[in-house]
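For reference, the structure is listed below as structure tokens.
Here, each number is a calculation from the coordinates, and none is a lab measurement. In this text, all values refer to a predicted model and were calculated from it rather than measured experimentally. Don't worry about glycine lacking a Cβ; one is built from the backbone with ideal geometry, like all the others, and counts go over all protein chains shown.
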Amino acid sequence: MSRIYLSPPDVGPAEREALLRALDSGWVAPAGPELDAFESELAEATGRAYAVALSSGTAALHLALLGLGVGPGDEVLVPTLTFVASANSVRYVGAEPVFLDSEEHSWNVDPALIVETLNAFARQGRLPAAAVTVDLYGRCANYPEIVAACESRGVPIVEDAAEALGATCGSAPAGSFGAASTLSFNGNKIITTSAGGALVTDDAQFADRARHLATQAREPTIHYEHADLGFNYRMSNLLAALGRAQLAGLPARIEARSEVMNRYRDALGRLAGLSFAPEPRWGRSNCWLTCVTIDPVVARGTRDDVLAALDTADIEARPTWKPMHRQPLYEHARARLTGVADKVFDQGLCLPSGSSLAVADQDRVIEAILAVLGPE
Ligand SMILES: *Cc1c(COP(=O)(O)O)cnc(C)c1O
């Protein structure tokens, strides 16, 4: 039996063909027609006017904050329950994150804490330079409330939609909120270019500026002229071809992941102490990862017992993200906490959820969990 991975890349003949097509076309240089086409398809998928394809989701976050003019001395609201890149990008531009806790019914940032924090800032006569929101595990944050809170204070939003491509909030797609949104095509995400990301926005100047900074801020002269500090953050034409093939298969990948989630629900949903991550009422998940929490007081075992059993069965599973306020890197950062993120981290577990996960492999995961948590 081979090892089962959490969320491996799902590539096949379509990706192979797309890569060879790009290679045979001679566009092995960074730019090219596949890159242009991938960008328009990404803009379309996120309901945006512009997309800039980049080397990673982290690069996209960095450029989004630079585009908003965030810099030294600024503070940026960031959910504490997220992957570290959401917070590190704030540090890249010399600003400081202020971490906010999650709400119970989506695990995303608690809009009430945004309101409270903005009020507290305003009482001191200042405001955060931006708010980064994260659409965790494929579920959109509560944008109706978040957008209202931030707009009333004029604080711009950067939506980190790295985990949520294909999800919705009301009738709007993930990636359509805020001044700019960022996507990731890292190997473990719902679609992948092996490594890659994108910034999407409705603002032509914002997109142009991101594209400029992503290509070493080279001025349009015959010699190499640079007025700004740029980066080498552009996606290549070859990887864009891979991304186009993956994006065309996004609906099928969402469907496959949702079937995996439903199968876990059917098999494990009645176990004492085990709960599935909440599905918020305002949107539809892309089912990127199936996450559960295991309450040690009620369940027959702990989250760590289950992790150990899965590991013994050669199955990769992971605790949910460790909150930023508990990271050594951010131990001195400001944080407004309610305990929700701590509980999710202490009890949370991400199960193998890949779109190519065979039914027999899903059964292996289910059996290993039942062996720990099931009735005698
Ligand atoms: C994956 C991820 C990123 C970073 O994307 P990369 O492409 O790996 O740089 C940022 N934020 C969140 C929430 C992520 O899950």
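Just the number, please: percent antiparallel of the DSSP beta bridges in the chain, rounded to the nearest 5.
Working: 27 of 44 bridges.
Restricted to the chain, the bridges split so that about 60 percent are antiparallel.
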Checklist line | Dipole-positive endmost among VAL115, GLY69, THR82 within the range 68-212 (Cβ charges, Cα centre) | finding: GLY69
Note to self: I'd like to verify something in the chain: which complete DSSP H helices, judged by Cα projection on the helix axis, reach 24 Å or more and average at least -1.0 on the Kyte-Doolittle scale?
What the structure shows: 250-268
Next item on the list: Would you mind getting the Kirkwood hydrodynamic radius of the chain from its Cα pairs, rounded to one decimal in Å?
Entry: 21.3 Å
Notebook entry, point to check: Do any cysteines in the chain lack another Cys Cβ under 4.7 Å, and if so which?
Noted result: CYS150, CYS287, CYS291, CYS350
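By how many nm would the segment from GLU219 to ARG270 lengthen if fully extended, with 0.36 nm per residue of separation less the alpha-carbon distance? Could the numbers behind the result be given before it?
Details: separation 51, 0.36 × 51 = 18.36 nm, distance 6.11 nm.
Full-extension gain reported as 12.2 nm.
Just subtract the alpha-carbon distance of ARG334 and ASP208 from 0.36 nm times their residue separation and send over the number in nm, one decimal.
Values: separation 126, 0.36 × 126 = 45.36 nm, distance 3.34 nm.
In short, 42.0 nm is gained.
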Next item on the list: In nm, give the distance between the simple-model label positions of LYS343 and GLU259, each being 7 Å from the Cα along the Cα-to-Cβ direction.
Entry: 3.5 nm
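Considering every pair of different Cα atoms, what Kirkwood radius, in Å, is found for the range 251-373?
Numbers: mean 1/r = 0.0648 Å⁻¹.
One over the average 1/r among Cα pairs gives 15.4 Å for the range 251-373.
Please give the contour-minus-distance gain from LEU20 to SER152: 0.36 nm per residue of separation, less the Cα-Cα distance, rounded to one decimal in nm. Please report the intermediate quantities before stating the final value.
Values: separation 132, 0.36 × 132 = 47.52 nm, distance 4.99 nm.
Result: 42.5 nm gained on full extension.
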Item checked: Long-range HN-HN contacts of LEU100 with modeled amide H, under 5 Å -> VAL78, THR80, ARG336
